[in-house]
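Notes to accompany the following structure.
The values are calculated or read from the model by the stated rules, or taken from the named source; none is laboratory data. Values in this document were obtained by computation on a predicted structure and should not be read as measured data. Here the Cβ is made from the backbone with ideal geometry for all residues, glycine too, and neighbour counts use every protein chain on show. In case anyone asks, the SASA skips ligands and DNA or RNA and just uses the protein heavy atoms, side chains included. Shrake-Rupley method; radii C 1.70, N 1.55, O 1.52, S 1.80 Å.
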Amino acid sequence: MNDRTPKTFHVKSFGCQMNAYDGARMAELLEAEGMRAASDGGEADLVVLNTCHIREKAAEKVYSDIGRLRREDGSRPMIAVAGCVAQAEGGEIPRRAPSVDIVVGPQAYHRLPQMVASAARGERALDTDMPLESKFGSLPARRKQAPSAFLTVQEGCDKFCTYCVVPYTRGAEASRSWGAIVDEAKALIENGAREITLLGQNVNAWTGEDEKGRPQGLDGLARALDRLPGLERIRYTTSHPNDMTEGLIRAHAEVKKLMPFLHLPVQSGSERILRAMNRSHTRGSYLAIIERVRATRPDIAISGDFIVGFPGETDAEFEDTLEIVRAVNYAQAYSFKYSPRPGTPAATMEGQVLPQAMDERLQRLQALLNEQQLAFNRASVGRRTSVLLERAGKKPGQLVGKSPWLQSVHLETSASIGDLVKVEIVSAGPNSLAGALLMRDAA
């Protein structure tokens, strides 16, 4: 065995939930090769930086992370850059950072063990191909899981929003097969998962055929998973308004295990900005979807995404965004300042908004969103509900879990991680709730 062959590894994932899923799958690949996970990069023979290209200056931050991997004695681990920055930057990464041994895109990480072997022989390895199905077909069986697990069902995007790099880093929309998804779900449940979150860049664009060859959408897939014994909860993210079908809306009322939570990004409340973003939905169509969803499932919690300072956005158009936030009344939301991504149409648009204006707008938007989230949480006080316990809390004897509405709930209990317990919510803050245990096995 070559002395450079790593025996330990550390995967550091950034960004979205799909990256978290990909990071876990890369770890399983490396463990299947006999490698052991290290607690941090300082101890590992191999460090995998599983990157995200969504945040501002994402590529520059990756190069900073690479530099920090050099140890005090001058040595360094084997370094692999994976994910969307790897896909976007490609061969530029080893040119700028010669210490990088491996560059692997998000559709090629199933080849990571072979690339590690090449790097151990002193050969730099680069793979940014996009063969979606071969990736999933090459991954090992799922192993021990936390109570809540991610399951990727769809990747890529055909929407081509003018600010977004996903179509260029993840490729065209592609759906995994019905059988592969159901089989992976069964393996997750067998290994301890009680909640599964279905993932996709546009998860509600998933389509396929069931075991009888009948066409199905995401609602049909949710109904199939609802029948799996041992699974208690189903979620999905992230959705596009244009793919929010009537069948999926009805599923929120008809599928028992489908949680009352919908993450549906709108991005802006301005009709002109939505057109400039190429969002393909309108303010009116978005609000109509929200109205239909709430008519079907009145207790549903709505989450969203917002971008402030898109090129050309005026003060009045930003006020349109505040207006749609007030109209929807979000339980949770993510909000960001626009930042240009090389190669996207918006990066070269005229009317780039000044940073000071973006800062001020983001502060106003987040103040309103935080106010709504706190109000939603406070309205939960006195409610009796189920909580899936997921991890230890900060205090002795404290565990933390999630409510059906994706709120973090902490309570003192002798129950165990993985238990589904009935609690009464006794207090609420902006980011979490406190609960008192009523009974275990609340399912």
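Taking the criterion of being at pLDDT 90 or above and among the basic types (Lys, Arg), the residues of segment 96-126 that qualify are Arg96, Arg121.
Among the residues of segment 404-423, those identified as open to solvent by 20 Å² or more (accessible area, probe 1.4 Å), over 19 Å from Ala331 (Cα atoms) and in a strand (DSSP E or B) are Glu412, Lys422. Within segment 186-210, the residues that satisfy the criterion of being among the acidic types (Asp, Glu) and touching a helix residue (DSSP H, G or I) at 6+ places or on another chain (Cβ under 7 Å) are Glu209, Asp210. Taken together, the residues in segment 195-235 that are β-branched (Val, Ile, Thr) and either open to solvent by 30 Å² or more (accessible area, probe 1.4 Å) or out of contact with any Lys or Arg (no Cβ under 7 Å at 6 or more places or on another chain) (or both) amount to 3.
Selection of segment 80-111 for residues being polar (S, T, N, Q), part of a loop (DSSP other than H, G, I, E, B) and open to solvent by 10 Å² or more (accessible area, probe 1.4 Å) yields only Ser99. Residues that are open to solvent by less than 50 Å² (accessible area, probe 1.4 Å) and part of a strand (DSSP E or B) within segment 372-389 comprise Thr385, Ser386, Val387, Leu388, Leu389, listed in sequence order.
Every test in (1) open to solvent by less than 10 Å² (accessible area, probe 1.4 Å); (2) free of Cβ contacts under 8 Å to residues at least 40 places away in the same chain is passed by Tyr21 save one, and that test is (2).
Taken over segment 228-261, the criterion of being touching a Ser or Thr at 6+ places or on another chain (Cβ under 8 Å), of a type in the set (Val, Ile, Thr) and either part of a loop (DSSP other than H, G, I, E, B) or touching a residue at least 60 places away in the same chain (Cβ under 8 Å) (or both) is satisfied by Thr237 alone. Screening Pro6 with (1) surrounded by fewer than 16 Cβ atoms within 10 Å (Cβ to Cβ); (2) in a loop (DSSP other than H, G, I, E, B) gives one miss only, at (1). Taken over segment 143-164, the residue count meeting the criterion of being of a type in the set (Phe, Trp, Tyr) and not in a strand (DSSP E or B) is 2.
The one condition from (1) part of a helix (DSSP H, G or I); (2) over 25 Å from the mean Cα position of the chain (by Cα); (3) buried (at least 17 other Cβ atoms within 10 Å of the Cβ) that Ala327 does not meet is (3).
For the condition under 19 Å from the mean Cα position of the chain (by Cα) and hydrophobic (A, V, I, L, M, F, W, C), Val11 qualifies.
Output the residues belonging to segment 16-44 that are assigned to a loop (DSSP other than H, G, I, E, B) and within 20 Å of Ala86 (Cα to Cα). Once the filter is applied, which keeps residues that are assigned to a loop (DSSP other than H, G, I, E, B) and within 20 Å of Ala86 (Cα to Cα), segment 16-44 yields Cys16, Gly41. Restricting attention to segment 265-275, the residues that are on the phi < 0 side of the Ramachandran plot and buried (at least 22 other Cβ atoms within 10 Å of the Cβ) total 6. Against the list (1) outside any loop (DSSP other than H, G, I, E, B); (2) open to solvent by 10 Å² or more (accessible area, probe 1.4 Å); (3) of a type outside the set (A, V, I, L, M), the condition Asn50 fails is (2). When each of Gly401, Gly343 is tested for being touching a residue at least 12 places away in the same chain (Cβ under 8 Å), of a type outside the set (Lys, Arg), over 24 Å from Met259 (Cα atoms) and not in a helix (DSSP H, G or I), the lone residue that passes is Gly343.
Only residues that are of a type outside the set (A, V, I, L, M, F, W, C), part of a helix (DSSP H, G or I) and surrounded by fewer than 22 Cβ atoms within 10 Å (Cβ to Cβ) were counted in segment 165-194, giving 7. If you go through segment 330-371 and keep only what is of a type in the set (D, E, K, R) and open to solvent by 40 Å² or more (accessible area, probe 1.4 Å), you end up with Lys337, Glu350, Asp359, Glu360, Arg364, Glu371. If only residues of segment 53-78 that are assigned to a loop (DSSP other than H, G, I, E, B) and open to solvent by less than 60 Å² (accessible area, probe 1.4 Å) are counted, the one that is nearest to Arg341 (Cα to Cα) is His53.
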